[in-house]
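Q: The structure under discussion is supplied below as structure tokens; questions concerning it will follow.
What follows is calculated from the coordinates using simple rules that are stated; it is not laboratory data. Please read these numbers as outputs of a predicted model, since none were measured by experiment. No Cβ is skipped: glycine too gets one built from the backbone with ideal geometry, and neighbour counts run over all protein chains shown.
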Amino acid sequence: MEIEEIRNNIDAIDDDMRSLFLNRMKLSDSIAEYKNKNLMPILDKNRERAILAHVTEGLGRDSIYVYRLFSTLFELSRARQAETISRQSKVREYINNGLDAGGAVFPHTGTVACQGIEGANSQEACDKLLTRGNIVYVKTFEAVFDAVESGLCEYGLLPIENSSNGSVRPVYELMQRKGFSIVRMTRLCIRHELLVKPGTKLSDIKVIYSHEQALGQCGRYLASLDGVRTEPCLNTAVAAKMVHESADLSVAAISSHKCAELYNLEVAADNIQDSDNNYTRFILFTKKPRIYAGANHISLVFSCDNKPGALYDILAMPSALGINMSKLESCPVTGRNFEFMFFIELDASVLEQGVIPMLEEMERTCGSFTFFGCYSEV
């Protein structure tokens, strides 16, 4: 048989498969209507297992391919059913409120709380996200949330992740506990320098101050220094200011070139970070949800049952809609053995077809579910 004849046969089968698939999806709509009327969950794992066992029985080496084909059919069917199911959900209400409160243009002004002092990386990120913003500096991450929660500031800005040192877990935990909404995000390329008082030699240094994330990002350089200890502090800019105000010539700070100029310090060593591809992501958040035009990035956190296939069932939902997952990270649940929360980020807009129903199904299915917002990156 010639290849063209084989391909013609395949085309004919494909046409039949398309027709059968569309008929199956119509029946999925009927199933969804029944489940909606009787308040039944979309996922019926026992039914799916029974079908998979039936269609793969006695197939030998072809069983794995048939298994994957029908697993994909189930994912698409669940995605279709989620669009039909109409039940009250917190996440839909949250998104609708955010769309109503947002607008076509993101504002350039507003009062924003930042952790640190003048010269901090947070200040540079704030200048990118809110070009005419009025910055209020506070000492801690939680104080940023408190400033927004109390109404002192309209926005809060904090680092959420570093490409070398991972997620800033306390910020994720505060976001989940406080229930605030991410409205914008940016990333900065971070270059660390070792700053000293004028006249200090590298051999004079005994103590280095910096934020714990910055110390972690410069691990290899710090390991090369003999007889030097590190002391974490609130911020890289705070570290530079501490050195500036100290009379001790044996102290140094890991900070930025901007802080060297701001606090009259000299650069003893530059580009001391472990990786040149060292980026930190910063989020801008508000107390109440806001979703602006062009928002195409979604963040959320969820937990699921600790049993085989539970996580896969959740992650299959965006996959069925062709949505890219740009982040997946697990975090142990404090006080519970071998239970985890999962942070995920999706490249999608809540205005895209199927996205809100998918989020609603996640909310119904997951043990816990927190939607952090839909936003764009600057």
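Q: Amide H neighbours of H211 under 5 Å, at least 5 residues apart or on other chains, H built in the peptide plane: list them.
A: It is C233, N235, T236, by chain and number.
Q: Further question on the same structure: To the nearest whole percent, what portion of all C-alpha pairs in segment 193-269 is separated by more than 13 angstrom?
A: Working: 1715 of 2926 pairs.
Tail of the P(r) past 13 Å holds 59 percent of the pairs.
Q: Ranked from highest to lowest mean number of other Cβ atoms within 10 Å per residue, what is the order of the peptides 14-23, 265-274?
A: My ranking of the peptides, most packed first, is 265-274, 14-23.
Q: Another one. Suppose R0 equals 25 Å; then what is the FRET efficiency for V228 and S275 from their Cβ-Cβ distance, rounded to the nearest 0.05?
A: It comes out at approximately 0.75.
Q: Further question on the same structure: Taking Cα pairs under 8 Å and at least six residues apart, what relative contact order does the chain come out at, in percent? Could the numbers behind the result be given before it?
A: Numbers: 697 pairs, mean separation 75.8, N = 378.
Worked out over the chain, it gives 20 percent.
Q: Additional query: Separation between the F340 and T111 pseudo-spin-labels, each 7 Å from Cα along Cα→Cβ, expressed in nm?
A: 4.2 nm
Q: When a/c reaches 1.5 or more, the comparison of a/b and b/c decides; with that in mind, is segment 270-378 rounded, prolate or oblate per its Cα gyration tensor?
A: It is oblate, given that a/c is not under 1.5 and a/b is not larger than b/c.
Q: May I ask you to sort F369, F145 by Cβ crowding, counting other Cβ atoms within 10 Å and putting the fewest first? Spell out each step's value before the answer.
A: Details: F369 20, F145 23.
Taking fewest neighbouring Cβ atoms as first place, the list is F369, F145.
Q: Identify the trypsin sites (Lys or Arg not before Pro) of segment 128-166 meeting these criteria: DSSP loop state and at most 14 other C-beta atoms within 10 Å of the C-beta.
A: In loop regions of segment 128-166 (DSSP not H, G, I, E or B), the sparsely surrounded trypsin sites (Lys or Arg not before Pro) are K139.
Q: Please quote Rg/Rh for segment 126-257 to two decimal places, taking the Kirkwood radius as Rh and restricting both calculations to Cα atoms.
A: On the way: Rg = 16.7 Å, Rh = 16.5 Å.
Radius of gyration relative to Kirkwood radius: 1.01.
Q: How high is the FRET efficiency from T131 to I13, r the C-beta distance, R0 56 Å, rounded to 0.05? Kindly include the intermediate steps, with their values, before the conclusion.
A: Details: r = 58 Å, r/R0 = 1.03.
Using R0 = 56 Å, I get an efficiency of 0.45.
Q: Sticking with this structure for a sec: Which of rounded, prolate or oblate describes segment 3-84 when judged by the alpha-carbon gyration tensor and an a/c cut-off of 1.5?
A: The shape class here is oblate.
Q: For K178 and R87, compute 0.36 nm times the residue count separating them, minus their Cα-Cα distance, and round to one decimal in nm. Provide the component values of the computation, followed by the final result.
A: Numbers: separation 91, 0.36 × 91 = 32.76 nm, distance 2.55 nm.
So the chain would gain 30.2 nm between K178 and R87.
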